[in-house]
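One structure is given below, encoded as structure tokens.
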Amino acid sequence: MFFATGLQRSEPIAGDVLMSLKRFVALACVLWWGSPVWASDEVVEVSHWWVSDGERSSIDVIRRHVEREGLRWQAEAAAGSGTSRYSDVLRQRVDAGRPPMASQVIGYDIHEWASQGKLVVLDDVAREQEWDEVVPYDIQHLSKYQGHWVAAPINAHSTNWLWINGPQFARLGLVPPDTWPDLLAILEKAKTAGLIPLAIGREQWEHTLLFESVAVGAGGAEFYRRVFLDLNPNARDIQVLEGIFRRFGQLRPYLDPGFTKRSWDQATDLVRSGKALMQVQGSWVNGEFHHHSMVPGRDYECLRFPDTQGVFLFNSDQYMFFTENTASDETRNAFVRTLMRIELQRELNIATGAAPARVDVPRESFNRCGQQAITDMRGANMRRTLMGSIAMGNANPGPVKRAIYQVVSDHLLGRIDDGEAVSRMRQIMDGASSP
Ligand code: GAL
């Protein structure tokens with residue numbers, strides 16, 4: 001399979017011609033009647049969880065592109081950032097026999113829906129737009145079920161980042177931390193200066209997101225793959241795991257004391273206002289900052305979590321399409337094609353803060369953090385260090401993910417010690433590998 005990083009591809013073909021015609025007709029209707037007129041089957045009905053400030057700007061980009069195709073946009077949002085809170089709402093709709101045309105989805109949830117026979121196979125559009133050639137292999141692994149495309153990936157967020165308030169970073173005379181001791185020293189300086197050193201939210205996925213950076217930084221890429229993707233640790237890995245929990249515990253004194261009451265974007269606001277020095281979060285923080293007109297290098301810094309340079313722990317937002325929805329193939333395919341176009345993925349991910357899910361999107365118009373994300377994603381794709389985020393369910397199916405969440409949160413909240421955390425992790429891995 002060929003993933004050229006500088007590849008430019010011309011855009012397809014018959015479907016596009018048809019949509020241009022429809023766009024022309026829709027535009028003519030606007031001009032003639034003063035408001036757009038759509039056939040009822042030209043509605044793109046979407047369900048998603050993008051509700052924060054930056055996320056709302058992102059969904060707006062998709063809406064604009066859809067409307068430019070002469071299609072009508074109808075969206076329903078339920079907060080929940082890919083957690084079961086969102087999936088429960090979606091599940092109720094599907095069970096009630098009214099699935100939306102499309103839903104946002106991440107990670108192994110795609111395989112779960114596909115295994116129940118709920119998803120439309122997208123192979124035709126994938127072939128036409130040559131997705132196999134431009135989407136990184138590890139993302140394809142999630143977008144495909146039993147060799148068939150069942151989801152369209154729209155971005156490649158990564159989680160192993162430090163997002164740092166720029167003026168505070170300068171005021172404290174800090175330099176980018178390269179190692180674990182460097183990171184602890186910076187957190188200590190922030191604490192002494194009366195800042196919240198490390199902002200974080202209350203949800204288990206956020207705790208796990210912090211944990212996975214500590215883990216890959218301490219253990220390295222091969223360790224992460226063996227232990228968290230293959231769930232097949234060796235004896236030495238178990239010792240390393242113990243060291244990782246020791247490090248994780250060292251972060252406790254630096255956490256925002258109010259973290260059990262906050263959402264991830266409230267934690268981001270603490271960094272934005274300079275009350276907190278930093279947050280370890282996915283590149284959606286870049287989207288929040290961008291929304292608030294903040295500029296990297298002046299208002300904030302984006303640095304790779306120490307010792308994780310070269311690794312890209314990804315979380316790819318994708319769209320899946322329900323067979324039981326009554327939308328026409330034509331309308332659905334028009335939406336699928338739109339999502340995967342270079343131009344949408346460029347504009348969309350300037351807003352989301354992520355790298356696009358295609359390796360061939362020009363990087364010039366992205367901000368510095370976005371450009372770095374694209375470079376890192378392409379490099380990691382070539383070196384096999386593009387690996388799924390545990391926290392965002394891109395590493396393991398739901399039951400394993402939720403079991404890991406529980407151990408990590410219990411440890412972060414001080415309910416269990418390092419030894420107990422390691423033995424519960426081993427149980428999870430043993431359970432997953434036994435038939
Ligand atoms: C993730 C999603 C990101 C971002 C984040 C925080 O699940 O993939 O795009 O929205 O949640 O809400």
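Read-outs throughout are calculated quantities, based only on the coordinates presented, and are distinct from any laboratory measurement. Worth saying up front: this structure is predicted, and the values here are computed from it rather than measured. Here Cβ is always computed from backbone atoms with ideal geometry, including for glycine, and neighbour counts include all displayed protein chains.
At a Förster radius of 56 Å, what calculated FRET efficiency corresponds to the Cβ-Cβ distance of residue 371 and residue 420, to the nearest 0.05? Write down the numbers at each step before the final one.
Details: r = 43 Å, r/R0 = 0.76.
Efficiency for this residue pair is about 0.85.
Computed from Cα atoms, the angle from the helix 14-33 axis to the main principal axis of the chain rounds to 70 degrees.
Looking at the square roots a ≥ b ≥ c of the eigenvalues of the Cα gyration tensor of the stretch 245-334, which shape do they give, rounded for a/c under 1.5, prolate if a/b is larger than b/c, or oblate? Because a/c hits 1.5 or more and a/b exceeds b/c, the stretch 245-334 counts as prolate. Computed 3J(HN,Hα) for the stretch 405-417, one whole-Hz value per residue from the Karplus formula 6.51 cos²θ - 1.76 cosθ + 1.60 where θ = phi - 60°, is 3, 5, 5, 5, 5, 4, 5, 4, 7, x, 7, 9, 8, glycine and proline marked x. A cut-off of 5 Å between modelled amide H atoms, ignoring neighbours fewer than 5 places along the same chain, links residue 72 with 43, 44.
What ranking of 198, 413 emerges when the number of other C-beta atoms within 10 Å of each C-beta is taken as an exposure proxy, fewest first?
Numbers: 198 27, 413 13.
Arranged by neighbour count, lowest to highest, 198, 413 become 413, 198.
Given a Förster distance of 41 angstrom, what is the FRET efficiency for residue 170 paired with residue 382, based on the Cβ-Cβ distance and rounded to 0.05? Intermediate values should be presented prior to the final figure.
Details: r = 35 Å, r/R0 = 0.85.
Between residue 170 and residue 382 the formula returns 0.75.
Please return the longest range in the chain lying between exposed loop sites, taking trypsin sites (Lys or Arg not before Pro), DSSP loop only, at most 13 other beta-carbon atoms within 10 Å, and leaving the sites out. Longest stretch, sites excluded: 10-297. Here's how it looks for residue 47: its modeled amide H is under 5 Å from those of 76, 102, 103, 104, which are all 5 or more places away or on a different chain. Rounded to 0.05, the FRET efficiency of the residue 121 and residue 53 pair, given R0 = 41 Å and the Cβ-Cβ distance, is 0.70. The phi-based Karplus calculation (6.51 cos²θ - 1.76 cosθ + 1.60; θ = phi - 60°) puts the 3J(HN,Hα) values of the stretch 364-380 at 3, 7, 7, 6, 4, 5, x, 5, 5, 4, 5, 4, 4, 5, 5, x, 5 Hz, whole numbers, x for Gly and Pro. The relative contact order of the stretch 108-168, computed from alpha carbon pairs under 8 Å that lie at least 6 residues apart in sequence, is 38 percent.
Computed on the chain, the Cα convex hull volume stands at 143 Å³ per residue.
Does the stretch 310-398 classify as rounded, prolate or oblate by the C-alpha gyration tensor (a ≥ b ≥ c root eigenvalues; a/c under 1.5 gives rounded; else a/b over b/c gives prolate, otherwise oblate)? Walk me through the numbers before you get to the answer.
Numbers: a/c = 2.56, a/b = 1.38, b/c = 1.86.
Taking the square roots of the gyration eigenvalues as a ≥ b ≥ c, the stretch 310-398 is oblate.
Remark: the stretch 197-307 carries a charge dipole of roughly 240 debye about the Cα centre, counting +1 on each Lys and Arg Cβ and -1 on each Asp and Glu Cβ. Where only DSSP H runs of four or more residues are counted, the chain gives -15000 deg cm²/dmol as its mean residue ellipticity at 222 nm, each run worth -39500 (n - 2.57).
Along the stretch 344-357 the Karplus relation, 6.51 cos²θ - 1.76 cosθ + 1.60 evaluated at θ = phi - 60°, assigns HN-Hα couplings of 5, 5, 5, 5, 4, 8, 5, 7, 6, x, 8, 7, x, 7 Hz to successive residues, with x for each Gly and Pro.
Between residue 295 and residue 178, what length comes free when the chain is fully extended (0.36 nm per residue of separation minus the Cα-Cα distance, one decimal in nm)? Display every interim value, and only then the final one.
On the way: separation 117, 0.36 × 117 = 42.12 nm, distance 2.27 nm.
Residue separation times 0.36 nm, minus the Cα-Cα distance, leaves 39.9 nm.
Please state the relative contact order of the chain as a whole percent: Cα pairs under 8 Å, 6+ residues apart? Provide the component values of the computation, followed by the final result.
Values: 774 pairs, mean separation 116.9, N = 435.
Normalised by residue count, the contact order of the chain is 27 percent.
Taking amide H as placed 1.01 Å from N in the peptide plane, residue 145 has its amide H under 5 Å from the amide H of 150, each at least 5 places away in sequence or on another chain.
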